[in-house]
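The values are calculated or read from the model by the stated rules, or taken from the named source; none is laboratory data. All figures in this text were calculated on a predicted structure; none of them were measured in a lab. For neighbour counting, all protein chains shown are included, and Cβ atoms are generated from backbone atoms with ideal geometry for every residue, glycine included. Calculation scope for accessible area: heavy atoms of the full protein, side chains included, ligands and nucleic acids excluded. Shrake-Rupley method; radii C 1.70, N 1.55, O 1.52, S 1.80 Å.
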Amino acid sequence: MIHLRLSLLTLLGALFLTGCVGDLDVTPGDPNAFLAEDFYSSAESYRQGLAGVYANLSITGTSGPGSSNISGIDAGTSQYGRGLWNLQVLATDEAIWTWENDPGLAPLQRSTWGAGNVLLRGMYGRGMAQVAFANEYLRQTSDAKLDERGVSGSLREDIAVYRAEARFLRALAYYHMMDLFGKAAFITNADPVGAIQAPQAGRNQLFEYVEGELLDIMDELIAPRQNEYARVDQGAAMMLLAKLYLNADVWVGQDRYADCLDYCQQIIDAGYTLAPEYLNLFKADNNVNNATPEIIFPIVSDGIVTQNYGPTTLMINGQVGSQEANGEDFGVNSGGWGGALRVTRQFSEIFLNGNYGQDDRNTLITEERTIEVENIADQTTGYIITKWSNRTSDGSFGASREIVDTDFPMFRLADVYLMYAEAHLRSGAGSRSQAVGYFNALRQRANNPATITENELNLDLILDERLVELHWESHRRQDLVRYNRFTGNQYNWSWKGNAKGGIAIPEFRQVYPLPNESLAANPNLTQNEGY
Amino acid sequence: MCLLAMPTFLLSQNVRGVVIDAGTSEPLIGANVLVKGTSSGTITDIDGNYTVAASAGDTLVFSYTGYQTLERAVTSGMTTLDIQLPLSNFELTELVVIGYGSSAVKDVTGAVSTLSERDFNPGNIVTPENLLSGRVAGVSVSTGGAPGSGSAIRIRGGSSLSASNDPLIVINGLPISNNTIGGGRSILSTINPADIESFTVLKDASATAIYGSRASNGVIIITTKGGGSELNVKFNSQIGYNTLPNKIDIYSADQFRQLIQERRPDLADQLGDANTDWQEEIYRNTTFQNYNLALEGSLFDALPARLSVGLTNQPGIRLTSEFERRSASLNLSPTLLDGDLRISVNANATQERNRFASGQEGNAITWDPTQPVYDPNSPFGGFFEYWQDNGDGVLNASDLVGNAPGNPVAALLQRNDRSTVNRYFGNFKLDYTLPFLPELTASVNLGIDDASSEGRILVDEDSRVAQPNGEFVGSESEYTNDSRNVLFDGYLTYDKDINDRFRFDVTAGYSYQRFESESYTSGELRNDLPDSEPVFSQATDLVLLGLFGRANFSLDDKYLLTLSMRQDATSRFSEENRWGTFPAVAFAWRVREDLFPQSDIISNLKLRLGWGITGQQDIGVADIYLARYNQGLPSSQYAFGNQVIPIGVPQFRNEELKWEETATYNAGLDYGFWGNRLNGTLEFFYKESSDLLAFAAISDGSNFSNSGFQNIGNFTSQGLEFAVNYDIFERRNSKFGWNVNFNATVIRTRIEELALGQDVRFGGIAGGVGNNIQLHRVGFAPGKFFVYKQVYNEDNEPIEGAYVDLNGDNIINDSDRYLYRNNRPEVTLGFLSNFSYGNLDLSFNLRASIGNYNYNNVNSARAQYDLLQNINVLSNLPTAVEESNFNTTATVLLSDYYMENASFLRMDNITVGYTFPGVFNTGAGLRLSAGVQNAFVITNYSGLDPEIFSGIDNTIYPRARVFLLGADVNF
């Protein structure tokens, strides 16, 4: 009897136990969460996965603008384009940020940044996350995986194009890492996901890799201007190669200006056209208005469906003057962000040097303001600009009053025109008359009557023209470094080197330091000299 | 044979004497006097006298129920032996609930503290954990000021960095979830403190290891009241008056006018005509009510039962804040089959109703005191707001003054954020002693805890809160949350006495628990935008399985050994990493019974040594090891051309994730003197937590974030606990009684190893977007503040923006910040004193915390002269700005100037009561009481309240000072 009862108990216990152990294998409960295999079970999912890789340029997380998949920094500030903007624009003469109690920004505009700076952590993290997302997409769309899932036919062809675009986005991220940090951890889709400590790649290795990738995918990408807006096409790949070659001397000591000019020509011949009105490039409908044919590659933003605190939201809200309260002119709340952005004296002086008195690109507001930024905390010192807007080309407001609909044009044709001119002067390739023609085309487009002659074209003029044409589009630091004016004494601006008039900063500051946390997490990385 | 018999016969003598109560000197009637080892003996007579035949060398054993047993040797020629029996350490034979069973206090081998009703804190107790605040060494309870607010409970400082530091709370055998349901105030706010019979706190691993994977932070076992044999009706009522004890020092309206004239005369035209004290305006005094009715007894004389109903209504002192709890609790504990089958059924149902008031303290401190609260010309419900008609004929967001703050009183009164939480929890327990094998008991415990909440947030149409398109239509949204957990425990206990010297009991069992939760939110109902669509989400289930066993051995009732083992599995980790083994060993030596059994002075002396390994796996998320993709919400999509596409983004994953393990060594000494009149414990513990679940940076690019949960970290913690309880005067001897209870805890923690040596930053502060003020760094205590070192001039005034260049590179940046102090105290103390004189009783309890530092973020983000101008409007400042004379927030925000010593001594409660015995001629008792809750705080901290658990003071919901009156009737 006893034995029977005891064994019955044991049996029940064992049955119960084994039945319940299976419960330990849970599946994600959230209807928005999928196991990777389940996610890729439909045809649409390959497009959605690709959109996820693109989205990292614009969105910081999957649950709205306040969410982020990068830690150690405020979500909005961790946005890709914004990080790029802070590191390429704020650290130069193009802008001054008022709210220095936000971490990391004061050292950037005062040239005192160190390896503990959160903005550097955000940009390095976001850039490497782009690499990780692209790698994952490539893993999930490998031939083996597609065969396993039985994908064939036209979808397979589409996926081949998607893969090329993902490779471009990875190359773009490594290009940014190379420019900003001079090195990065090198990881491809051949590596597994986990916590692997990838080897370090310096500028030489990254240059070779990015160049190789771009050349390799060129034929797989869709022809320029034939792809959906915001997707990568051959035009974007050619642009990135042109940028690579333009800076090759600084980055890897190679004179590739002729190659740069070659690709500039290809882009110019590809069918892009200048926007008839300069300011339409920076309006809420710049994805569909008459400026769109000039844009080669944008970062998308939308006040409703692509919410982010990226560069366009930053610039439009930041532009609003504290005493002018002109937010409504730009389609945002009248107070904006309380006068967050102003420009330095040197920036204003370029616009006021006589060449740009009548020019659409000169949007300075100078009344009741001092030209010098006497005090960073005082928003009435320094001029402000009105380049960007959340209103459409016909004057209507964007969908929301803070997060804007204006896309960020990362690459556009005007840049190519000036690159052509610069590459010509530096290499002698191409034709001078063409270079001058492109230069003047930009002046004419801006309704500026002062065109130049062939003799007047020189490198310094091109540098100033680049500021006038492309200011606040995340190019300035790269340009100043190429011209050897970022560090050293050749060119100083307000608050450079933490001095009001600006002083020289040491040469090691031509690249940013790798963040402390990244060095600690990957001992293969070594810090840049001087930090 | 004759030889053996002879000595007894020859040396037998009559020993006589009197047995009295050692305390009162009253004779004990019917006390047992036995000759040890024989069956001969006698009992004392009506005068306490006895006569017994014994021989020299025999031992006489004197015992009486309720008194300690004494033994005395009979010497040659002894004829008289008077005995004074001290009161029994009945506490030692009391049963204490421990994990999966109970134990007599004398047999406990681990660091276990028990609190029963007589030890609870008196006063205005809304949530149960306040009953033991300051009462148990090593346990700190820090409660917020909001009504029904939750508390941060820490046992021995907790054992984790990024994983939860909350202890496991078990109610009648059912472990509850540590996540507060959305819309609820806290996990314990739905439990009526009047239903609690006792708390058992398990502090060291040897006691907690049986709970395995959730036990690293200690365990608090709550046992609710059950029925009794006689009918007993209790009615408790309490009313109280909540008042605001103090405010932050800011400028009054006239002082502000003067300040503007002196410093910013250019802004004088923005001054208003009113005199408003905004802090007064957002607070109010309220009345608190608490009623409880309990019926205890035996139904049909055979079924012990208890039914209680309670109502607590606690409006908060912040305007519009409300909390109400209605609870009902039923306990049935029948015994069937001749005592072989014991059933216990606990069923509880509570409803909590809340109105949440948003934090307007920061707003109230900085609002211009020269502006009025109300403005009859205002289109915003009669409240003054900063607005300016822009003349376009439409009232919308364009008419608001840019970047101006909203009226704090309006923000509270125009918002109606209400929720109702319904919670049902209970358990059904069966203990069956097998009739053919009485040493074996089979137990089954089934438990369920189901909470569901619904809430609605409504903002008035005439408030200044605008929709994204700028319209003023108010705001409306709804939400529901459901969460539940179910438990099955089954175990067998075998209890055996061998030859009266050796006892052992063995328990072996299985536990299964499952947690589920879902939530729904409607999104903004007053606009049609795609990003305000309803969202339904469901958390990944959590399943916990365990196999456990424990064996207790006792030799001669002097040497005790406990061995326990738990094999635990969680669904949180991958299959390879989900099983953990948690052993524990404890040894106790009842020194007094062994070395001083006859001592009158020492009534209890017990040495305990314990070691165990416990686990921790509560990191909030439940599926990190799975390869997951998240789909973006409607506001997080990307557009190709004109097609908006939902995106899929891979999530950080870690298949290697596993338990944290904490190994604890504990040495304790329990002592008691003079019949336990003076008793207490002294404990020393050392904990080492390894494989800490740290949210730390990971090699960039290798995963889908730059940080995530990993097991990299190692942390040690050691401490000393001292507790003493002294009956200075015992009630039984005189009309005057005085009992004091004191405990002290000292804890030191240190991070030994952390994620490849990197720092982990946390501790967000106000005064900028994204600043952190705290740091975990290897070699230091966790959570130290990371600040700049302020430079002072010869007059000891701080020089704005001047900091010590600690790394000597002539640049002041992040590398010049250093680690300073900690938000954790070095020493915590608790003191309770209980006087009684006749029917009058007076008690008070104090708590002190020494060595904790706060970062005064109220001042660091607000006390600077530049802030007088808040872009387009005027802004008030804390008067503390006069001490620093600082101008710019950005320059001074991270300075150690704002670090303050927040050590404090707090008088939690003073209560006076009078008991009227036998009122209404029915043998009923009535007790009236009056008291003050949060009577005073002594501290050097300049802010509002030094007791801030996180150490970052960025305004808090103030803790009210409550004046109470209570009436308790007992039939």
Checklist entry - In the stretch B:525-546, how many are surrounded by fewer than 18 Cβ atoms within 10 Å (Cβ to Cβ), in contact (Cβ under 8 Å) with a residue 40 or more places away in the chain and over 30 Å from B:Ser574 (Cβ atoms)? => result 5
Next on the checklist: Please go through the stretch B:109-122 and give me each residue that is open to solvent by 20 Å² or more (accessible area, probe 1.4 Å) and more than 14 Å from the chain's Cα centre (by Cα), ordered by number.
Outcome noted: B:Val112, B:Ser113, B:Thr114, B:Ser116, B:Glu117, B:Arg118, B:Asp119, B:Pro122
Checklist entry - Which residues, counting only those in the stretch B:623-651, are facing chain A (nearest Cβ under 7 Å), part of a loop (DSSP other than H, G, I, E, B) and either without any contact (Cβ under 8 Å) to a residue 24 or more places away in the chain or not polar (S, T, N, Q) (or both)? => result B:Asp623, B:Leu626, B:Ala627, B:Gly632, B:Leu633, B:Pro634, B:Gly641, B:Ile647
Next on the checklist: Residue pairs, Cβ under 6 Å, 6 or more apart or interchain, first in the stretch A:213-237 and within 12 Å of chain B (Cβ to nearest Cβ) and under 18 Å from A:Leu138 (Cα atoms), second open to solvent by less than 10 Å² (accessible area, probe 1.4 Å) and assigned to a helix (DSSP H, G or I). List them.
Outcome noted: A:Val232/A:Glu165; A:Val232/A:Phe168
Next on the checklist: Tell me whether the stretch B:73-82 contains one or more residues that are modelled with pLDDT of 80 or more, buried (at least 18 other Cβ atoms within 10 Å of the Cβ) and assigned to a strand (DSSP E or B).
Outcome noted: no
Checklist entry - List the pairs whose first member sits in the stretch B:551-578 and is on the phi > 0 side of the Ramachandran plot, whose second member is part of a strand (DSSP E or B), and whose Cβ atoms are under 7 Å apart, counting only residues at least 6 apart or on separate chains? => result B:Asp557/B:Arg590
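Select from the stretch B:688-702 the residues that are surrounded by fewer than 23 Cβ atoms within 10 Å (Cβ to Cβ) and within 14 Å of another protein chain (Cβ to nearest Cβ) and list them in ascending order. Full working, then the answer.
Applying the first criterion (surrounded by fewer than 23 Cβ atoms within 10 Å (Cβ to Cβ)) to the stretch B:688-702 yields B:688, B:690-691, B:695.
The one that is surrounded by fewer than 23 Cβ atoms within 10 Å (Cβ to Cβ) and within 14 Å of another protein chain (Cβ to nearest Cβ): B:Phe695.
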Checklist entry - Can you find a residue in the stretch A:117-129 that is of a type in the set (Gly, Ala, Ser), more than 9 Å from chain B (Cβ to nearest Cβ) and open to solvent by less than 20 Å² (accessible area, probe 1.4 Å)? => result no
Checklist entry - For the stretch B:154-165, how many residues are at pLDDT 90 or above and open to solvent by 10 Å² or more (accessible area, probe 1.4 Å)? => result 1
Checklist entry - Mind checking whether some residue in the stretch B:213-224 is farther than 26 Å from B:Met565 by Cα and modelled with pLDDT of 90 or more? => result yes
Next on the checklist: I'd like to know if the stretch A:148-157 contains one or more residues that are more than 21 Å from the chain's Cα centre (by Cα), more than 14 Å from chain B (Cβ to nearest Cβ) and of a type in the set (Val, Ile, Thr).
Outcome noted: yes
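Residue-by-condition table, conditions (1) away from chain B (no Cβ under 14 Å); (2) touching a residue at least 40 places away in the same chain (Cβ under 8 Å):
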position	(1), (2)
A:Glu402	no, yes
A:Phe408	no, yes
A:Leu413	yes, yes
A:Tyr420	yes, yes
A:Gln434	yes, no
Item to check | Check on B:Asn876, crowded, with 19+ Cβ neighbours inside 10 Å and farther than 30 Å from B:Leu806 by Cα | outcome: yes
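Could you pull out the residue among B:Trp611, B:Trp579 that is over 25 Å from A:Ser41 (Cβ atoms), open to solvent by 20 Å² or more (accessible area, probe 1.4 Å), at pLDDT 90 or above and within 14 Å of chain A (Cβ to nearest Cβ)? Please lay out each step first, then the result.
Working: B:Trp611 fails: within 14 Å of chain A (Cβ to nearest Cβ).
Answer to the selection: B:Trp579.
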Item to check | Residue count, the stretch A:88-102 (criterion: touching a residue at least 24 places away in the same chain (Cβ under 8 Å) and either facing another protein chain (nearest Cβ under 10 Å) or in contact with a His (Cβ under 9 Å, 6 or more places away or on another chain) (or both)) | outcome: 8
Checklist outcome for this item: Within the stretch B:880-906, residues away from chain A (no Cβ under 14 Å), open to solvent by less than 40 Å² (accessible area, probe 1.4 Å) and either closer than 14 Å to B:Ala863 by Cβ or in a loop (DSSP other than H, G, I, E, B) (or both) come out as B:Ala880, B:Val881, B:Ser884, B:Glu900, B:Ala902, B:Ser903
Checklist entry - What residue, of A:Ala429, A:Ala450, A:Ala504, A:Ala421, is in a helix (DSSP H, G or I) and farther than 24 Å from A:Arg82 by Cα? => result A:Ala421
Checklist entry - How about the stretch B:867-879: which of its residues are more than 13 Å from every other protein chain (Cβ to nearest Cβ) and part of a strand (DSSP E or B)? => result B:Leu874, B:Pro878
Checklist entry - For the stretch B:506-524, which residues satisfy the criterion of being without any contact (Cβ under 8 Å) to a residue 60 or more places away in the chain and not in a loop (DSSP other than H, G, I, E, B)? => result B:Val506, B:Ala508, B:Tyr510, B:Ser511, B:Tyr512, B:Arg514, B:Glu516, B:Glu518, B:Tyr520, B:Thr521
Item to check | Single residue of B:Gly455, B:Gly426 found to be away from chain A (no Cβ under 13 Å), at pLDDT 95 or above and in a strand (DSSP E or B) | outcome: B:Gly455
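Listed here are the residues, each with its yes/no results for (1) over 25 Å from the mean Cα position of the chain (by Cα); (2) within 13 Å of another protein chain (Cβ to nearest Cβ); (3) of a type outside the set (Gly, Ala, Ser); (4) open to solvent by 40 Å² or more (accessible area, probe 1.4 Å).
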residue: A:Ile267; (1), (2), (3), (4): no, no, yes, no
residue: A:Thr306; (1), (2), (3), (4): no, yes, yes, no
residue: A:Glu328; (1), (2), (3), (4): yes, yes, yes, yes
residue: A:Asn353; (1), (2), (3), (4): yes, no, yes, yes
residue: A:Arg361; (1), (2), (3), (4): no, no, yes, no
residue: A:Thr370; (1), (2), (3), (4): yes, no, yes, yes
Item to check | Selection count where residues are part of a strand (DSSP E or B) and either surrounded by fewer than 18 Cβ atoms within 10 Å (Cβ to Cβ) or hydrophobic (A, V, I, L, M, F, W, C) (or both), scope the stretch B:652-686 | outcome: 10
Checklist outcome for this item: Quick count over the stretch A:453-490, residues being in a loop (DSSP other than H, G, I, E, B) and without any contact (Cβ under 8 Å) to a residue 60 or more places away in the chain, is 10
Next on the checklist: Out of the residues in the stretch A:473-529 meeting the condition of being out of contact with any helix residue (DSSP H, G or I) (no Cβ under 7 Å at 6 or more places or on another chain) and basic (Lys, Arg), tell me which one is farthest from the other protein chains (Cβ to nearest Cβ).
Outcome noted: A:Arg485
